[in-house]
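Enquirer: Handing you this structure, nothing more for now.
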Amino acid sequence: MSTPSLSAPLAGRTALVTGAASGIGVAVARRMAADGATVLAVDLDEAGVKALAQEVAGIEPVTCDLSDLDAVDALPAEVDVLVNNAGLQHVAPLPEFDPQRFSAILTIMLEAPFRLARRTLPHMYHRGWGRVINISSVHGLRASPFKSAYVAAKHGLEGLSKVIALEGAEHGVTSNCICPAYVRTPLVERQITDQARRHDIDEDEVVDKIMLAPAAVKRLVEPAEVAELAAVLYGPASASISGASLTMDGAWTAH
């Protein structure tokens, strides 16, 4: 395969993005398609990924429930760039946290990424090039109360990413995490309601008093900003960036 151009660094390559029907997943899928990739947009929301595919050339919709690990194991294996993005949230104190909900979150946010990496790495190794980009979170590096499953899953994803980086290095494969603070996505919008109820404050106070309180930069991250950082991790300067956790947290972790 010819070397991709700087203007189309993913020309001739295939990418797979989970959680591609909304938020960060949509932004990353759009950016990858613009960079020349054939993008497999994976989501449980069939209508959402089909609408995205109709709108953006180079995107192919794939409907999959990531909690069904047999279905995950049946996803395409010939993938050059894997973006583990799909996630969900549940807010509750530990004594009230539904164990089944906890298990489901870890399945979708940690075991499914493991299964996808296990499935796609042989292709990357064979090609001598591959990129694994894990959409982690500031909660992969820090903790917050009432989010035991989400924090546990993101911390696990951080560790998995580093193992992939170490094993993949000799095969031309890198693996990294992107760790944003709160991103303006449907997942965060739903959290505003949950947090308002949990902390007994108005919803319009949640962003300022809860979400942005630990950050020095008082703004939500936009999905397109995450996509721009992902583009660095598969772009021409990416060969030596591996095993890293790149923060977009407004100096949250600088404390």
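Laboratory data are not the source of any read-out in this text; all were calculated from the coordinates shown. Computed from a prediction, not measured in an experiment: that's the story for all the values here. Cβ: placed from backbone, ideal geometry, glycine included. Neighbour counts: every protein chain shown.
Enquirer: Please arrange 182, 125, 234 by counting, for each residue, the other beta carbons lying within 10 Å of its beta carbon, fewest first. Present the calculation step by step, with values, prior to reporting the outcome.
Expert: On the way: 182 24, 125 16, 234 28.
Ordered from fewest to most neighbouring Cβ atoms within 10 Å, 182, 125, 234 come out as 125, 182, 234.
Enquirer: If you don't mind, there's one more thing I want to ask. Under a point spin-label approximation (7 Å from Cα along Cα-to-Cβ), what is the residue 60-residue 171 distance to one decimal in nm?
Expert: 2.1
Enquirer: Then there is this: Find how many whole Å separate the alpha carbon centroid of segment 217-255 from the alpha carbon centroid of segment 140-164.
Expert: The distance from the Cα centre of segment 140-164 to that of segment 217-255 comes to 17 Å.
Enquirer: Given the convex hull of the Cα atoms of segment 1-106, what is a quarter of its surface area in nm²?
Expert: Details: hull surface 31.0 nm².
For segment 1-106, averaging the hull's shadow over all directions gives 7.8 nm².
Enquirer: Please turn the phi angles of segment 172-184 into ³J(HN,Hα) values with the Karplus equation 6.51 cos²θ - 1.76 cosθ + 1.60 (θ = phi - 60°), one per residue in order, whole Hz, x for glycine and proline.
Expert: x, 10, 10, 9, 9, 10, 9, 10, x, 6, 5, 9, 6
Enquirer: Would you mind finding the longest exposed-site-free stretch of the chain, with exposed trypsin sites (Lys or Arg not before Pro) meaning DSSP loop and at most 14 other Cβ atoms within 10 Å? If you can, show how the numbers build up before the last one.
Expert: Working: sites that count: 218, 219.
That would be 1-217.
Enquirer: Follow-up. What's the FRET efficiency of residue 103 with residue 70 using the Cβ-Cβ distance as r and R₀ = 22 Å, to the nearest 0.05?
Expert: On the way: r = 16 Å, r/R0 = 0.74.
About 0.85, to the nearest 0.05.
Enquirer: Would you mind ranking 121, 94, 187 by Cβ crowding within 10 Å, fewest neighbours first? Mind showing how you got there, number by number?
Expert: Numbers: 121 21, 94 10, 187 17.
Ascending number of Cβ neighbours within 10 Å: 94, 187, 121.
Enquirer: Give me the extension gain from residue 7 to residue 126: residue separation times 0.36 nm, minus the current Cα-Cα distance, reported in nm with one decimal.
Expert: Working: separation 119, 0.36 × 119 = 42.84 nm, distance 2.51 nm.
Additional length available on full extension: 40.3 nm.
Enquirer: Hey, what number do you get for the chain at 222 nm if only DSSP H runs of n ≥ 4 count, each worth -39500 (n - 2.57), divided across all residues, to the nearest 500?
Expert: Values: 9 runs with 102 residues, N = 255.
The helix contribution divided over the chain gives -12000 deg cm²/dmol.
Enquirer: Classify segment 129-255 as rounded, prolate or oblate from the Cα gyration tensor: take a ≥ b ≥ c as the square roots of its eigenvalues, call it rounded if a/c is under 1.5, otherwise prolate when a/b beats b/c and oblate if not. Walk me through the numbers before you get to the answer.
Expert: Values: a/c = 2.66, a/b = 2.02, b/c = 1.32.
Taking the square roots of the gyration eigenvalues as a ≥ b ≥ c, segment 129-255 is prolate.
Enquirer: For segment 242-255, just list the computed ³J(HN,Hα) in residue order, Karplus coefficients 6.51, -1.76 and 1.60, θ = phi - 60°, integers in Hz, with x standing in for Gly and Pro.
Expert: Once θ is set to phi - 60°, the couplings for segment 242-255 become 7, x, 9, 10, 8, 8, 10, 10, x, 6, 3, 7, 6, 5 Hz.
Enquirer: Now for a different question. For residue 47 and residue 189, what is the calculated FRET efficiency with R₀ set at 25 Å and r taken between the beta-carbons, to the nearest 0.05? Before the final figure, lay out the partial values.
Expert: On the way: r = 19 Å, r/R0 = 0.76.
That gives a FRET efficiency of 0.85.
Enquirer: Give the long-range amide H neighbours of residue 221: residues separated by 5 or more places, or on another chain, with amide H under 5 Å away, using H modelled in the peptide plane at 1.01 Å from N.
Expert: 182, 183, 184
Enquirer: Where Lys and Arg each count +1 and Asp and Glu each count -1, what net charge lies around residue 222 among other residues with Cβ under 10 Å from its Cβ?
Expert: Numbers: positive: 184, 219; negative: 225, 228.
Taking every other residue near residue 222 into account, the sum is 0.
Enquirer: Output wanted: per-residue J couplings in Hz (rounded whole) for segment 58-73, from phi through Karplus 6.51 cos²θ - 1.76 cosθ + 1.60, θ = phi - 60°, x for Gly and Pro.
Expert: So the J values, rounded to whole Hz, are x, 9, 10, x, 9, 8, 7, 8, 5, 7, 9, 5, 5, 5, 4, 5.
Enquirer: Turning to a different aspect of this structure: Quick one, could you list the DSSP H helices from the chain stretching 15 Å or more along their long axis (Cα atoms) with average Kyte-Doolittle hydropathy of 0.0 or above?
Expert: Numbers: long enough: 23-34 (17 Å, 1.02); 112-127 (23 Å, -0.86); 148-168 (30 Å, 0.45); 186-199 (20 Å, -1.34); 223-234 (17 Å, 1.11).
Membrane-span-like by this criterion, though nothing is claimed about a membrane: 23-34, 148-168, 223-234.
Enquirer: Less than 12 Å Cβ to Cβ from residue 139, Lys/Arg counted +1 and Asp/Glu -1: what total charge do the surrounding residues give? If you can, show how the numbers build up before the last one.
Expert: Working: positive: 142, 147, 154; negative: 158, 249.
Residues near residue 139 contribute +1 overall.
Enquirer: Around residue 215, which amide H atoms from residues at least 5 apart in sequence, or from another chain, sit under 5 Å from its own amide H, with H modelled in the peptide plane?
Expert: none
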